[in-house]
Amino acid sequence: MLPRTADVIIVGGGVIGCATAFWLAKAGLAPLVLERNQLGCEASGESAGMLAPQSEADAAGSFLDFGLAGRRLFPSLAEELKASTGVDIEYRQIGILVPFFREADLSARVARARWQRESGLSAEVLDRSDALKAEPLLSDTIEGAISFPEEAHVNSRALVTALADAAGRLGATFITGCPAVGVIRREDTLSGIRTANGTVSTKTVVLAAGPWSGPFGDTLGLRIPVAPAKGELVLVRPAGRLPRRIIYAKQAYLIPTPRGEAILGTTVEFVGYDKRPTVAGVRAILAGLSEVIPAIASAGFLRCWAGLRPHTPDELPLIGRHPALEGLTLATGHYRNGILLGPLTGRLVQELILGRVLSIPIEPFRPERPVPRPTNERDSI
Ligand code: GLY
């Protein structure tokens, strides 16, 4: 049953919404999470779970710092969630190996490893022989690899479950199957949420609806530039051994799971809200991976699926108060890094709402920054 009022309403029960509920409840508030479907049933629960700020970084800067801070939060979070809920989020610092194929790629790879080391991060360039010693399943056509030993993996579905469970024990309420359809407002100040099942009064709404944030903004007459970017994944059970580390090549990645399976990814497709996996997507993933790990051809196929990442035109998240509607805070648009950045985003939102000092600066992610308008963007205000 819907309560009549709530301290804070969080729209969206993915990793960002559940993490926000967790941190707010830890601070003594009683947040209400409204989820249109089931908790974690979209990109959060469907994601591969890589915690890979270094492997995807092209330059030092605030986004890398956000990712590194996000990654640092996981070991203690995993312990805390295990202790309070019994759920193991399977956090494992297994490292990532990024293979490269041509001599020509070498200088770019060496440069990436160098600036990362200069920033105090671990990154080592391995020649072919050392890369094959580290991961014998790699193709001997590789030229070498960079090793990022601090990168990690987490079970994304377990993470959402544990955050929600922990938040619930601390006083958060979750209502699933309950879409938020708009806000109640007086001029530029929000005073509640309208849902399919009734209204709830509040002074504070956190929008954490991933790729559905854009359509929610449309109902308010606000441009919230988040759109779906489909990513397909494949689950296989290799016939023999698995790599010990995540293998993250340009064309595809492989993540070994603790159950002896491997998650293979991915694609980036702008096809609206269609999240059916396709023959073309699966074929591209398998072809890309076969080049890097030829033995994958003998793995048993288990299943394939797709999720919708929340994409923004500048590929940075939107975190902070919305400048045009008092009471609305955005926590959305994390694109390829929702799992990595979700727990820390939840903490940042808690700090924003309580007026506390922020764990990291969020200026580059503020909603009021100029976000370019893509030519194919929906015609919204
Ligand atoms: N961060 C990995 C992905 O989006 O597939």
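The values are calculated or read from the model by the stated rules, or taken from the named source; none is laboratory data. Source: prediction; values computed, not measured. Here Cβ is always computed from backbone atoms with ideal geometry, including for glycine, and neighbour counts include all displayed protein chains. Please note that ligands, DNA and RNA were not included when accessible areas were found on the heavy atoms of the full protein model with its side chains. Shrake-Rupley method; radii C 1.70, N 1.55, O 1.52, S 1.80 Å.
Annotations for the structure displayed:
- Ligands, DNA and RNA left out, the accessible area of the chain computed with a 1.4 Å probe is 52% carbon and sulfur.
- Residue separation of residue 30 and residue 93 scaled by 0.36 nm, minus their Cα-Cα distance, works out to 19.4 nm of gained length.
- Computed over the chain, the per-residue total of -39500 (n - 2.57) for DSSP H runs of n ≥ 4 gives a 222 nm mean residue ellipticity of -9500 deg cm²/dmol, rounded to 500.
- Net charge over other residues, Cβ less than 15 angstrom from the Cβ of residue 276 (K, R count +1; D, E count -1): -1
- Net charge over other residues, Cβ less than 14 angstrom from the Cβ of residue 305 (K, R count +1; D, E count -1): 0
- Solvent-accessible ranking of 195, 278, 161, largest area first, probe 1.4 Å: 161, 278, 195
- Of the chymotrypsin sites (Phe, Trp or Tyr not before Pro) found in the stretch 258-346, the ones in coil according to DSSP and having at most 12 other Cβ atoms within 10 Å of their Cβ are 270, 273.
- Net lengthening on full extension, residue 2/residue 186 (0.36 nm per residue, minus Cα-Cα): 64.0 nm
- Label-to-label distance for residue 203 and residue 287 is 5.8 nm, based on points extended 7 Å past Cα in the beta-carbon direction.
- Dipole moment magnitude, nearest 20 debye, the chain about Cα centre, only Lys, Arg, Asp, Glu C-beta charged: 660
- Amide H to amide H, with H built 1.01 Å from N, residue 266 comes under 5 Å of 253, counting only residues 5 or more places away or on other chains.
- Net +/- balance of residues flanking residue 141 in space, Cβ distance below 13 Å, scoring K and R +1, D and E -1: -3
- Span-rule helices in the chain, defined as complete DSSP H runs reaching 30 Å or more along the axis (Cα) with Kyte mean at least -0.5: 62-85
- Projecting the Cα atoms of 30, 74, 20 onto the charge dipole of the stretch 11-75 (Cβ charges, centred on the Cα centre) puts 30 farthest toward the positive pole.
- Length added when fully stretched, residue 273-residue 104, from 0.36 nm per residue minus Cα-Cα: 57.0 nm
- The chain: relative contact order as a whole-number percent, Cα under 8 Å and 6+ apart: 23
- Summing Cβ point charges (Lys, Arg +1; Asp, Glu -1) relative to the Cα centre of the stretch 41-102 gives a dipole of roughly 260 debye.
- In the stretch 299-381, taking the dipole from charged Cβ atoms about the Cα centre, the farthest positive-side position among 317, 332, 306 is held by 306.
- Residues whose placed amide H lies under 5 Å from that of residue 322, excluding near-sequence neighbours: 328, 329, 330
- Shown for the chain: lysine pairs separated by 8 or more places, or found on different chains, whose C-alpha atoms are under 20 Å apart, numbering 4.
- The ellipsoid equivalent to the alpha-carbon distribution of the stretch 220-359 has semi-axes of 36, 18, 11 angstrom, derived from the gyration tensor eigenvalues as √(5λ) and listed largest first.
- Mean accessible surface per residue for the chain, computed with a 1.4 Å probe while every protein chain stays in place, in Å²: 42
- Sparse-neighbourhood loop sites, trypsin sites (Lys or Arg not before Pro) in the stretch 300-381 - DSSP loop, at most 13 other Cβ within 10 angstrom: 356, 378
- The accessible area of residue 90, taken with all protein chains in place and a 1.4 Å probe, comes to roughly 40 Å².
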